[in-house]
Structure formats: structure tokens, C-alpha cells
Amino acid sequence: MAKKLKNYVGGEWVDSSASVYTPVINPATCEVLGECPESTYADVDAAVKAAQAGFEEWRSTPILSRTQYMFRFKTLLEERFEDVAKMVVEENGKTRDEARGEVRRGIESIDFATSIPVLMRSDGLEDVASGIDETTLRQPAGVFAAITPFNFPAMVPLWFLPTAIVCGNTFILKPSPQTPISMDLMYEILHDLDLPEGVVNLIQGGKEASMAVMEHPGIKGVSFVGSSPVAKLVYETCTRHGKRVQAQGGAKNYIAVMPDADINASVKNIMGAAYGCAGQRCLAAAVVVGVGDAYDKLKDELAKQAQGLRVGYGLSETTQMGTVVSAAAKERIESMITKGVEQGAKLVLDGRGVAVQGYEAGTFVGPTIVENVQPDNILAKEEVFGPVLAIMQADDFDDAVDIINGSKYGNAASIFTNDGKYAREFKYRVNAGNIGVNIGVAAPSASFPFGGQKESFYGDLHGQGMDSIEFYTERKIVIERWL
Ligand code: NAD
């Protein structure tokens, strides 16, 4: 029977006060995996009260003891690694290896949090005036919350939770209602850590719970990851309510391929970037710009490699690309392909209407390639968030940079080249927060901040790395004289 999901508040599993539950559906098999409550303001309020009640004890727990919980968290998560990865496949639709990679990256964020006793240290200066010393303290700031998307249901919450709590804050997570069960599992693991009550809380739900998080006066700051329109809304609402906020948004990532690049090796890498997780990554390659005579070779090789990808159910080890997350996502992606073609794009490979034997009701979209894409085409401008790759032609390097910088997004951009001069110019001139050089998915590791510019990010301090320590702490300057 489908599991009716609960919230986790003050160290206990509790029923939501929701009157509405939405089914969580395996997009390949259409099996109903669970029922997700539409939690209310009252549910969020209960979590805030529990997090506030737990804050003083937790902030005064020695930091080395707070860190020890992360070592145990890592051990228990390693033991449940395959269970969590399997659930990611079942509720999200990606392949088993992609899910394993996601859980592994999540664990890297737990590793990062174990270095916080070093990173949270601050500085001081003696004798700023006669007999007066000045010191900076970094202190936890209170209750933090995160609102996270469907596409990395196990990893993205771990960008925030370990760092927030090791810094001494208490925490509330509101995951995506499309993929809430991975975090239900993760909180089973967290429950086994025996953290003090109220340190970690989980509220399942959608917009109503998000709004409550953004508006609740007891929450100090909010980390958000999701689409750009919602990131903007979260940024505006949180700042209006006096909160600290970091809001990572959507993307349209470009890859430039120079004529000197090794086309076969580049395309192999671009395949993973474009079609990994069925294109549902904020770092997915969406547009490949072939520079000069790279274009024709690139197009032929992309088509050859893409049409060989095995689409299927993610739990089958032979599957190379799984489903998109839902029937609604499939419909949206296919209609964007249709619109792009109406606006002049030419299909090289059409993934609409693909069927997988044994999973006929599954929400599969096959690898798709379109060429002749002009900058004002929907497939060049808007995030598709599906396995659709647009190819554009640039006359030269400068033209490619202009095309890329014309995008309203600035999440990631990559160049494939063997020429250091182009690589250097690309890093220097392209307006995107994560730059890849001969790397298709420019994903920062846990000790670096996750970049993002223009409409891909709203805020100042990014997630991960030193930015996250700044985000989750309050700085206090102490000036002292002892007579
Ligand atoms: P989404 O914006 O629809 O939802 C994200 C979260 O916001 C969910 O928890 C959802 O319940 C909540 N939400 C949705 N609409 C809301 C509203 N109107 N008011 C309040 N809360 C709302 O995003 P998604 O479809 O779950 O995820 C895909 C998007 O996330 C893509 O655009 C992708 O590029 C982006 N993403 C960005 C990054 C990054 O680091 N920049 C990483 C992963 C995903």
C-alpha cells in the first residue's frame, strides 16, 4: 500500500494537518509510491516552534560534538546507500547509476560539514588602539529552512542541512512534493542519529508550506533551489519578510565547441551533459554552439551517439536514460519541441512519442536534437528541462561568446578546445557562474560555492563552500579593553 507520508517535527514523526494529499507516482511504472500531504501554515509553525525550542541547547553543544553527528550520519547513509538510490530512481525516474552518483555527491556535502570547526573560526587583531583588542566571532543565527526541487531529491537537501546544523543552527526542510520519499528515508536515518529534539525537521508539501516558510517570522533564512520564476518569488518574499535568502534558479546552459577540439571525445562528454538525468539537471547542456567548421562534424557525431542511447526504466542496469519526472513534464517538453520546430528549428532526432516495451504508460521522452536554432527560438531561450539539445552555428569565437552572453540565464557554460587562449578568454568573458573547460557538466564540488548569475541566482551568498558558512552564521565584532 502507498505510504502516507508524515512530517518530522521535534524528533518525532507526526501527521500533517493537511486535508489534501497528492499521489507520488513512479513515472516509469505509474505505480503510486506514496501520498504527500499539502502541509499547512500550522504544520510549519509547529516545526518552527520545535526548531526554536531546540536552538539554545544545540548552539551550545560543542562544535566538535556537533561534527561527530556527521561522521555517524555518513556511516548510516553509506549503509542505506542502495535503498536511497533505489528510491531516487523510483520517484524521480533517473537511472540507477545517476541516482548512485547523486547520493555520492550528497555524501560529499556531509564530508564538507566535518571541516566546519576549521572553517567557522574567525580572526582578531591586538592593539587596534592602545590596550584595545578586536575580534570577530561567527555565531549560529537561529532557525534556517530549505525549499528544494524534484530533480536531485537526495542531493540538493544535503547541500544545506549538514552545514546549517554543524554551524549550530536548527533546520527545517520542505522538499518537492513530486519526489518527497527520498527525504522521508533520509530523515529515518537522521532519526537514528539521536540528535537533540528540534535540530532537524521535515515538512512535506507544496506551495502553501513554501509560503509559510517564506513568511514565518521565526525563520532566520531560507535556501531555495528550483525554477527561476519561483526563485525570484522566494527572493522577493523572503527579503520582504526580513530574511536572509539564497535562491538558485533555472538555467539554459551553452557549450561552445571550437574547431580545434577533439570532436569524438567532446561529443562523448556532451552526451552525458545533455541526456544525463534525461536533461533534468540545472547544469544540463541545452545548446551546443559549433564554431566555424566544427558544426557539421559535431552535428553528425551528436546524432550518431544520441540515437544509440538506450531509453528505459532506471532500475534496469542496461538503461542509459530514464523517464522525465511526470506526464505533465513530458507534455510540456514535447510541446516545446513542437513550438521550436514551428519557429524554424529543424529536427535531427525526434524523441517525441517514444515507447518502451513493458512500460508503455511511462513518461519517456527520447533524446532529441534540433538544428537551425536561431537566438529567438524558444529552444534557444527557455529552459526545457528535458532531453532536448539545440545546435547553433557561430562564425567564430567572438560570435559564440555573444550568443552565450545573450541568454537571460547564467548558470553554467562550457568550452571544448585544445587552445589555452580560447579557454582563458572564455573564462574571462562568459557571464555564467559555473564554467567548464573540456567538462560538460561544470558542477562545483562541495567545498566551492555553487555559481549562478543573472536569472539563475537571486541573492548574495551562494550555496556550498565558504559562502555557506557565511550564510549560516552571524558575525559579531568584539572590541575589548581590560583595565
Ligand atoms: P520548482 O520551482 O517548480 O519547485 C521548487 C520548489 O519550490 C519545490 O519544493 C516546490 O514545491 C516549490 N514551489 C513550486 N512553486 C512554488 C510557488 N509558486 N510558491 C512557492 N513554492 C513553490 O522547481 P522544480 O520543477 O522542482 O525543479 C526544477 C527546476 O529547478 C529547474 O528550473 C532547474 O534548473 C532548477 N534547479 C536549479 C538548481 C541550481 O542549483 N541552480 C539545481 C537543481 C534544480
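Excluding residues on the same chain fewer than 8 positions from K252, give the aspartates and glutamates whose Cα lies under 15 Å from its Cα.
Answer for K252, where 15 Å is the Cα cut-off: D376, E382, E383, D402, E455, listed by chain and number.
Summarise the accessible area of the chain (1.4 Å probe, protein heavy atoms) by the percent that is carbon and sulfur. Don't jump to the answer; show the numbers that get you there.
Values: 9750 of 19240 Å².
Within the chain, the accessible surface is 51 percent carbon and sulfur.
Looking at the chain, identify the longest residue range that excludes and avoids all GluC sites (Glu not before Pro) in DSSP loops having at most 14 other Cβ atoms within 10 Å. Each step should come with its number before you reach the end.
Details: sites that count: E31, E317, E360.
Free of exposed loop sites, the longest segment is 32-316.
Over what distance in Å are the Cα centres of segment 215-262 and segment 363-423 separated?
That distance is 21 Å.
Give the distance, in whole Å, between the Cα centre of segment 22-40 and the Cα centre of segment 54-74.
Centre-to-centre (Cα) distance: 33 Å.
Figure the gain on full extension for D300 and K4 (residue separation times 0.36 nm, minus the Cα-Cα span) and round it to one decimal in nm.
Numbers: separation 296, 0.36 × 296 = 106.56 nm, distance 4.88 nm.
Additional length available on full extension: 101.7 nm.
So who's got an amide H within less than 5 Å of the one on K454, skipping anything under 5 residues away but keeping other chains? H placed 1.01 Å off N, in plane.
Here nothing satisfies the definition.
Indicate the gyration tensor shape class of segment 226-270 (rounded, prolate or oblate), computed on the Cα atoms with a ≥ b ≥ c the square roots of the eigenvalues: a/c under 1.5 is rounded; otherwise a/b larger than b/c is prolate and the rest oblate. Kindly include the intermediate steps, with their values, before the conclusion.
Values: a/c = 5.09, a/b = 4.72, b/c = 1.08.
Since a/c reaches 1.5 and a/b is larger than b/c, the shape of segment 226-270 is classed as prolate.
Once you have a ≥ b ≥ c as the square roots of the Cα gyration tensor eigenvalues for the chain, tell me rounded if a/c is under 1.5, and otherwise prolate or oblate according to whether a/b is larger than b/c.
Oblate, since a/c reaches 1.5 and b/c is not below a/b.
Order C36, C282, most accessible first, counting only protein heavy atoms with a 1.4 angstrom probe.
Listed by decreasing accessible area, they come as C282, C36.
Taking amide H positions as placed in the peptide plane 1.01 Å from N, state which residues far from V20 in sequence (5 or more) or on other chains have amide H under 5 Å from it.
It is E38, by chain and number.
If you roll a 1.4 Å probe over the heavy atoms of the protein chains, what accessible area per residue do you get for segment 253-437, in Å²? Don't skip to the answer; put the middle values down first.
Details: 7300 Å² over 185 residues.
Accessible area per residue: 39 Å².
Under a 5 Å amide H to amide H cut-off, with H placed in plane at 1.01 Å, what residues pair with F448 once short-range neighbours are removed?
Under 5 Å from the amide H of F448 lie the amide H atoms of G465, each far enough along the sequence or on another chain.
Could you compute how much accessible surface F112 exposes when probed at 1.4 Å, giving the result in Å² to the nearest 10?
Accessible area, nearest 10 Å²: 20 Å².
Would you kindly derive the ³J(HN,Hα) couplings of segment 306-322 from the backbone phi angles with the Karplus curve 6.51 cos²θ - 1.76 cosθ + 1.60 (θ = phi - 60°), listing them in order in whole Hz, with x for Gly and Pro?
5, 6, x, 5, 8, 8, x, 6, x, 6, 7, 5, 8, 5, 9, 9, x
Along segment 96-108, what does the Karplus equation 6.51 cos²θ - 1.76 cosθ + 1.60 (θ = phi - 60°) give for ³J(HN,Hα), rounded to whole Hz, x for Gly and Pro?
Rounded to whole hertz, the list is 4, 5, 4, 5, 4, x, 5, 5, 4, 5, x, 5, 4.
Hey, with R₀ at 35 Å, roughly what FRET efficiency would R475 and D376 work out to, going by the Cβ-Cβ distance, to 0.05? Walk me through the intermediate numbers first.
Numbers: r = 46 Å, r/R0 = 1.31.
The formula returns an efficiency of 0.15 here.
Using θ = phi - 60° and the Karplus form 6.51 cos²θ - 1.76 cosθ + 1.60, what ³J(HN,Hα) does each residue of segment 231-237 get, whole Hz, x for Gly and Pro?
Taking θ as phi minus 60°, the curve returns 4, 5, 4, 5, 4, 5, 5 Hz for segment 231-237.
With an 8 Å cut-off on Cα pairs and a minimum separation of 6 or more residues, tell me the relative contact order of the chain in percent.
Values: 1152 pairs, mean separation 88.4, N = 483.
It rounds to 18 percent for the chain.
Quick one: net charge around A443, please, counting Lys, Arg +1 and Asp, Glu -1 for every other residue with C-beta under 9 Å from its C-beta. Working shown, then result.
On the way: positive: R105, R281; negative: none.
Taking every Cβ under 9 Å from that of A443, the sum is +2.
Return the lysines within reach of K174: Cα separation strictly under 20 angstrom, same-chain partners fewer than 8 residues apart disregarded; answer none if there are no such residues.
List returned: K3, K4, K6, K49, K207, K220, K232, K243.
Summing Lys, Arg as +1 and Asp, Glu as -1, what charge do residues with Cβ under 12 Å from the Cβ of A423 carry, A423 excluded? Mind dumping the intermediate values first?
Values: positive: K421, R424, K427, R429; negative: D260, D419, E425.
Charge balance near A423 sits at +1.
The values are calculated or read from the model by the stated rules, or taken from the named source; none is laboratory data. What you see is a predicted model, and the numbers here were worked out from it, not measured in a lab. Ideal geometry is used to build each Cβ from the backbone, glycine not excepted, and the neighbour counts take in all protein chains shown. Accessible surface is based on the protein model in full, side chains and every heavy atom, while ligands, DNA and RNA are left aside. Shrake-Rupley method; radii C 1.70, N 1.55, O 1.52, S 1.80 Å.
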